[in-house]
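Below is one structure, written out as structure tokens, with a few remarks after it.
The values are calculated or read from the model by the stated rules, or taken from the named source; none is laboratory data. Quantities reported herein were computed from a predicted structural model and do not represent experimental measurements. Note that we place each Cβ from the backbone using ideal geometry, even for glycine, and neighbour counts take in every protein chain shown.
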Amino acid sequence: MIRPEPISVSQLNNYIKEKIDEDEFLNNIYIKGEISNFKHHYTGHMYFTLKDENSLVKCIMFKTYTTNLNFVPKDGMKVLILGTVSVFERDGVYQIYCKAMEEDGIGNLYSEYEKLKNKLEAEGLFDKKYKKEIPFMPKVIGVLTSQTGSVIRDIINVSTRRNPNVYLRLLPVPVQGEGAAIKIADAIKIMNEKKLADVLILARGGGSLEDLWPFNEEVVARAIFESEIPIISAVGHETDFTIADFVADLRAPTPSAAAELAVSNISDIQKSLLNYHNRFAISLHKKLELMKLKFEGIMNSKCFKEPLLRIQNEYLKIDNLMKTIYDKAEGKYKESKYVFINLTSKLDSLSPLKTLSRGYSIIQKNNRIVKSKEDIELGDKIDVRLSDGVIKANVVEL
């Protein structure tokens, strides 16, 4: 019996690789499935498994092609892949070398997402001027999410850790599936109409674009915009962005982060209050010391040591002013007296009485001085004024 020449494992793997590489169908394959065991290597390459209900296949996407992706692949995501099937000779396994990848159904959904996003942005629903401020110490925090799952547990754990006295009010809503958007919008309206909270957290865990789709619907976006209660959006993972995130007053990367944003850390507040108390006590002590120094300075001043000194000084000023006034008045009086005597002397020298004292007389007719004989007629009654009296006479001759 002639035995065939044995071949090596490498030869076998190489043979299988060549056979597969010669298959045109396997050189350009278009396949769909769900990602699992995803790993984004530090080199930029992506390694993962693509599976369906019954089977799985290893996949690799080199950095050259990953730069063309418009999303971040993750476990549980359903995708469509274009690539080549080949054998990795070293391990003797075949795998898909991916050249392009998109989320399954992303085409239509992403188009609708962009269309609605552009429409609402044009209407101003994303404008910062409409964003409401998140209250610093809300009394009641409303939570809109599923009543089961890790999201509500994370929010409760983070909230109670930051403030054990915080009051959470859960209004359960479906966070995916048909009709979820309407129920989310109705829950927001109920919270506002009944004023059930001071701030709302709208949250759910991560998922595919289809899973997050209720938060990309117009009815939810408008309910968030019309809400009088501030809303924190915490939908999906940090890399997920929904239209609800853009409309909300504040976007949190995760539900846990939303709880941190909504609930103030009571220990930090206590530390701040203690710090303020200490600063106030120090400031008050310094103020008292300063006031004490000022008080001592005032008490040592002359106005307290010699309280009458100020009054006495004012008395001196008054005396000086009175003396000045008296001196000026006396000077004015002497000056006026001298002028009066001088004028009186002049007036006396011009007085008609002086003339009468020298033996002259003044003739008057009807109280008017007669200056000429033409001023009188025969028979007129006249007055002759002498230095010692008046003589009445009649004119008998001119």
Based on this model, can you work out whether residue 232 counts as under 25 Å from the mean Cα position of the chain (by Cα), touching a residue at least 24 places away in the same chain (Cβ under 8 Å) and surrounded by fewer than 17 Cβ atoms within 10 Å (Cβ to Cβ)?
no
Give the residues of segment 216-237 that are assigned to a strand (DSSP E or B) and among the hydrophobic types (A, V, I, L, M, F, W, C), sorted by residue number.
231, 232, 234, 235
Would you say residue 4 is farther than 27 Å from residue 209 by Cβ and without any contact (Cβ under 8 Å) to a residue 40 or more places away in the chain?
yes
Which members of segment 275-333 meet the condition of being over 54 Å from the mean Cα position of the chain (by Cα) and among the hydroxyl-bearing types (Ser, Thr, Tyr)?
315, 324, 326, 333
All but one of (1) in a loop (DSSP other than H, G, I, E, B); (2) farther than 26 Å from residue 209 by Cα hold for residue 21; which doesn't?
(1)
Filter result (polar (S, T, N, Q), surrounded by fewer than 14 Cβ atoms within 10 Å (Cβ to Cβ) and part of a helix (DSSP H, G or I)) within segment 152-189
157
Taking the residues in segment 23-79 that are among the charged types (D, E, K, R) and within 20 Å of residue 238 (Cα to Cα) as candidates, determine which candidate is nearest to the chain's Cα centre (by Cα).
74
Segment 190-215, subset in a helix (DSSP H, G or I) and under 29 Å from the mean Cα position of the chain (by Cα), residue surrounded by the most Cβ atoms within 10 Å (Cβ to Cβ):
191
On the basis of being closer than 28 Å to residue 63 by Cα, surrounded by 12 or more Cβ atoms within 10 Å (Cβ to Cβ), in the same structural domain as residue 97 (by TED's automatic domain parsing) and out of contact with any helix residue (DSSP H, G or I) (no Cβ under 9 Å at 6 or more places or on another chain), does residue 34 make the cut?
yes
